[in-house]
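Student: To start, I am sharing the structure in question, which I have written as structure tokens.
The values are calculated or read from the model by the stated rules, or taken from the named source; none is laboratory data. Bear in mind that the values here come from a model prediction, so they are computed numbers and not experimental data. As a convention, Cβ positions derive from the backbone with ideal geometry for all residues, glycine included, and neighbour counts pool all protein chains shown.
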Amino acid sequence: MTRFLRRHAVLLVLLAAGTALRVLAWVAYRPALLYIDSFRYLDNLHALRADQLNPIGYDLVLRPLLAVGGLSFVTAVQHLAGLAIAVGSYALTRRLGARRWVGALAAAPLLLDGYQLQIEQNIMSEVLFEALLLGLLWLLLAKGKPNWRRIALAGLVVGFAVLVRLIGVVLAVPFLLYVLAAGRAWRSWRGWRRAGAGLLAILVVIVPYAAEVKAQTGKWGLTGPSGNMLYGRTAAVADCPNLDLSPTLRVFCPANPVGARRVDDYTHADLDPAWPGPLPPGADKAALAHEFAVDVLAVQWWDVAKAIIGDFSKSFHFTRVSAVNDVEVDRWQFQRAYPEWNDPPAIAAITQQYDGIDPVVDTPIAGFLRDYQLNGGFVPGAVLGFFALLGLAAAARRKKPRDRARSGALLAAGTGLFLLFASAVFEFSWRYQLPALVLLPVAGALGFTTLTAASRRRLGAYPDAVDEGAVADFHDRHPGAQLSELTVVIAAYNEAGGIGQVLEKMPADCLGLPVDVLVVVDGGTDDTAAIAEKHGAYVCVAPANRGQGAALRLGYHLAAENGAKYLVTTDGDGQYDNSEMAELVGPLLEGTADFVTGSRRLGHEEADSRMRWIGVRVFAWLASLLTLRRISDTSFGFRGMRADLACAVPLNEPQYQSSELLLGVTARGARVLERPMSMRLRKAGKSKKGGSLVYGANYARVMTGTWWRGYVLRRGRKQRDRAA
């Protein structure tokens with residue numbers, strides 16, 4: 001049990017916080033919050049008529065819940081469902097290869113977002129729709145490439161999602177595209193048959209429902225008054241004075257000026273019997289509204305497109321405010337008094353019918369929830385956008401050791417973005433952003449997992465088998481070698497083009513100490529070792545290529561075991577100025593520092609990539625935040641340190657090691673100094689770091705992981721040991 005708690009500690013802390021917030025929401029507003037749509041669901045609870053504005057999917061679940069308990073019971077179930085969806089997101093990302101803390105971050109938005117808490121307290125269909133979204137991901141991703149049975153079942157889920165919220169119909173597009181793309185199924189007849197099975201399953205659900213709508217309204221559709229979406233969009237931007245409209249269609253022109261029109265007012269205009277005004281006897285209002293919309297769209301298509309794109313972009317704003325033509329955001333915010341979206345007697349009649357009480361608000365708790373929600377207790381749209389970009393970035397990972405994580409990232413990101421865009425085509429509302437809390441964090445977690453998958457291999461404790469082979473090679477090449485107190489360690493992988501020039505410019509002594517050089521050839525295939533020996537360097541050759549971090553760790557231990565007290569690291573590509581070595585070594589010899597690192601930001605920098613220039617600054621900011629000390633450069637490879645300190649810090653990363661060492665020594669309380677140094681462009685060869693995006697994701701993973709182990713887990717163990 002203790003092991004389980006430790007393994008999932010991050011999720012459990014978030015789960016406890018999410019549970020506490022849900023208990024407060026459940027207590028604050030009794031028996032439930034009732035929005036405009038809530039009354040429609042409750043009015044259609046028993047008749048289950050298909051000709052209503054809202055489809056019957058939520059009522060099919062709501063009716064048995066109300067048979068067991070009242071509205072308060074329904075909201076309790078919805079809060080439990082919210083917790084379950086978050087845990088399901090965590091479990092799915094873990095199954096697809098995400099680390100525990102990454103999976104916990106994917107669950108955090110659902111657990112802690114104030115708007116999610118508020119909607120769960122409402123008698124509304126959102127939570128059921130979110131559960132179906134997660135179910136769709138599980139069916140398609142959890143067990144590898146889906147077979148036709150799981151595809152058909154996923155199609156049924158999509159079909160039922162349409163009956164819960166009409167926007168669910170757009171899920172068919174990313175669902176079928178994924179089925180065809182998985183394993184390049186579109187190339188085979190079998191793949192098309194599987195996609196056909198998914199499409200048939202969707203149709204099995206929605207076609208009979210559409211037929212029932214036709215039977216009740218005389219028109220095919222998925223809802224009764226469903227023909228005004230296009231009218232709502234075009235009416236909001238229609239420049240009627242400059243449009244060539246017939247007198248009949250001109251009746252549909254809004255009276256308000258364009259800037260003061262809300263799409264919401266026109267999308268549901270057909271619910272008003274007086275809309276739009278006098279029409280010829282027998283006129284079909286829905287058909288005329290559609291004709292008006294087509295005429296406006298033909299002339300003002302760009303205005304409509306701009307409005308849709310603008311509404312889509314609002315989903316990624318950092319703050320949550322309402323524009324003049326938006327549905328008010330306060331509809332989805334906790335209020336200190338009970339929100340009245342209907343006549344108070346009608347609200348009381350509903351709550352008395354199902355729970356036997358009048359609606360009541362615990363004002364202090366409601367005030368706390370409102371303050372929490374409005375003062376940072378929500379996931380900014382910009383963060384969701386970042387998750388989406390991480391998910392889409394998985395496509396750039398051509399060498400994909402974790403195909404399931406990659407395909408899952410693309411499916412979740414694509415579905416989330418497509419759903420947000422389709423909602424924006426209808427109209428913008430912060431309520432319509434909520435499904436993204438399920439999809440986009442999962443996309444971000446799986447995208448991050450894909451981008452960092454190649455670097456997740458950890459080194460075993462020193463010395464492992466490769467280290468032992470390299471040490472044996474060193475002693476065969478240099479029997480009885482005794483290195484200088486000051487030794488320069490260079491990790492080299494296929495650096496034959498530049499290592500000679502680096503060694504030629506290496507000073508023979510520094511501040512009175514002779515300088516020896518140890519070149520660790522990391523399983524290279526060129527003449528790096530021979531060139532290094534020709535220039536008088538000590539050499540050891542590792543039997544396998546593992547990465548710069550593994551090579552440097554080997555060099556630290558090998559140098560220390562053979563007499564070195566102070567170590568300097570530099571690269572074999574000529575980017576650093578060896579004449580600046582005294583700046584690194586001086587504080588070590590004076591006893592004023594244990595670790596000295598150069599900084600290109602304090603000195604001189606020749607940047608070969610705008611992305612790396614930005615990355616240096618972003619990661620310096622992150623390191624400063626994590627360590628609570630000013631750090632200007634985390635990845636500068638020209639460094640000086642005490643040999644015993646370099647060997648004492650746990651180093652597990654075969655690559656992306658520079659931040660691991662830096663944060664490792666700061667976590668141990670070492671005295672760290674930065675000195676202005678020069679960073680030049682490579683003199684030969686090419687970088688082994690790979691693409692900027694992949695490198696940055698891996699670097700962030702190593703940095704945060706090192707901080708967690710060194711600053712949280714290690715210090716926690718030390719406190720427990722002292723207490724014992």
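Student: Name the residues in region 542-580 that are surrounded by fewer than 20 Cβ atoms within 10 Å (Cβ to Cβ) and either assigned to a strand (DSSP E or B) or not assigned by TED's automatic domain parsing to the domain that holds Arg680 (or both), would you?
Tutor: Within region 542-580, just Asp571 meets the criteria.
Student: List, please: which pairs have Cβ atoms under 9 Å, are six or more places apart or on different chains, and start with a residue in region 106-123 that is within 16 Å of Val383 (Cα to Cα) and end with one that is of a type in the set (Lys, Arg) and part of a loop (DSSP other than H, G, I, E, B)?
Tutor: What qualifies is Tyr115/Arg320.
Student: Next question, about the same structure. Given Ile167, Ile123, which one is at pLDDT below 95 and among the β-branched types (Val, Ile, Thr)?
Tutor: Details: Ile123 fails: at pLDDT below 95.
The conditions single out Ile167.
Student: Across region 3-51, what is the total count of residues that are assigned to a helix (DSSP H, G or I), farther than 24 Å from Val87 by Cα and not acidic (Asp, Glu)? I'd like the intermediate steps shown before the answer.
Tutor: Narrowing region 3-51 to residues assigned to a helix (DSSP H, G or I): 3-7, 9-28, 36-43.
Applying the additional criterion that residues be farther than 24 Å from Val87 by Cα yields 28, 36-43.
If we keep only those that are not acidic (Asp, Glu) too, we end up with 28, 36, 38-42.
The qualifying residues number 7.
Student: Further question: Of everything in region 674-721, what is charged (D, E, K, R), under 20 Å from Gly615 (Cα atoms), at pLDDT below 70 and surrounded by 14 or more Cβ atoms within 10 Å (Cβ to Cβ)? Give them in sequence order.
Tutor: Restricting attention to region 674-721, the residues satisfying the condition of being charged (D, E, K, R) are 674-675, 680, 682-683, 686, 688-689, 701, 709, 714-715, 717-718, 720-721.
Pick out the ones that are also under 20 Å from Gly615 (Cα atoms) and you get 674-675, 680, 682, 686, 688-689, 701.
If we keep only those that are at pLDDT below 70 too, we end up with 682, 686, 688-689.
Across region 674-721, the qualifying residues are Arg682, Lys688, Lys689.
Student: Assuming Asp526 fulfils every condition listed in (1) part of a helix (DSSP H, G or I); (2) of a type outside the set (S, T, N, Q); (3) more than 20 Å from Glu561 (Cβ to Cβ) apart from one, which condition is it?
Tutor: Here Asp526 clears every test but (1).
Student: Oh, and also: Run Leu45 past the list (1) in contact with an Asp or Glu (Cβ under 6 Å, 6 or more places away or on another chain); (2) under 26 Å from Ala16 (Cβ atoms) and report the number of the one that doesn't hold.
Tutor: If we test Leu45 against (1) in contact with an Asp or Glu (Cβ under 6 Å, 6 or more places away or on another chain); (2) under 26 Å from Ala16 (Cβ atoms), just (2) comes out false.
Student: List, please: which pairs have Cβ atoms under 6 Å, are six or more places apart or on different chains, and start with a residue in region 201-228 that is within 27 Å of Ile151 (Cβ to Cβ) and aromatic (Phe, Trp, Tyr) and end with one that is modelled with pLDDT of 80 or more and part of a helix (DSSP H, G or I)?
Tutor: Once the first residue is within 27 Å of Ile151 (Cβ to Cβ) and aromatic (Phe, Trp, Tyr) and sits in region 201-228, its partners that are modelled with pLDDT of 80 or more and part of a helix (DSSP H, G or I) give Trp220/Ala210; Trp220/Lys214.
Student: Collect the residues in region 405-461 that are not polar (S, T, N, Q) and not in a helix (DSSP H, G or I), keeping them in residue-number order.
Tutor: First, pick out the residues of region 405-461 that are not polar (S, T, N, Q): 405-406, 408-414, 416-422, 424-428, 430-432, 434-448, 451, 453-454, 456-461.
Within region 405-461, Glu427, Phe428, Leu434, Pro435, Arg456, Arg457, Arg458, Leu459, Gly460, Ala461 meet the criteria.
Student: Kindly provide the set of residues from region 516-536 that are surrounded by fewer than 21 Cβ atoms within 10 Å (Cβ to Cβ) and either in contact with a Ser or Thr (Cβ under 6 Å, 6 or more places away or on another chain) or of a type in the set (A, V, I, L, M) (or both), ordered by number.
Tutor: Hit for region 516-536 is Ala530, nothing else.
Student: Turning to a different aspect of this structure: Residues being within 15 Å of Gly232 (Cα to Cα) and of a type in the set (A, V, I, L, M): count how many of those fall in region 299-335.
Tutor: Going through region 299-335 one residue at a time, the tally reaches 5.
Student: Among the residues of region 147-158, write down those that are touching a residue at least 40 places away in the same chain (Cβ under 8 Å) and surrounded by fewer than 24 Cβ atoms within 10 Å (Cβ to Cβ).
Tutor: Taking region 147-158 first, the residues touching a residue at least 40 places away in the same chain (Cβ under 8 Å) are 147-148, 151-156, 158.
Of everything in region 147-158, those that are touching a residue at least 40 places away in the same chain (Cβ under 8 Å) and surrounded by fewer than 24 Cβ atoms within 10 Å (Cβ to Cβ) turn out to be Asn147, Trp148, Ala152, Leu153, Leu156.
Student: Of all residues in region 629-672, which are over 13 Å from Met703 (Cα atoms) and in contact with a Gly (Cβ under 6 Å, 6 or more places away or on another chain)?
Tutor: The answer is Phe636, Phe638, Val649, Pro654.
Student: Please enumerate the residues belonging to region 626-663 that are in a helix (DSSP H, G or I) and among the polar types (S, T, N, Q). Lay out the reasoning, then the answer.
Tutor: First, the residues of region 626-663 that are in a helix (DSSP H, G or I): 626-627, 643-648, 658-663.
The answer is Thr627, Ser658, Ser659.
Student: Of the conditions (1) over 22 Å from Leu459 (Cα atoms); (2) out of contact with any Cys (no Cβ under 8 Å at 6 or more places or on another chain), Arg546 fails just one. Which one is it?
Tutor: Result: Arg546 fails condition (1) only.
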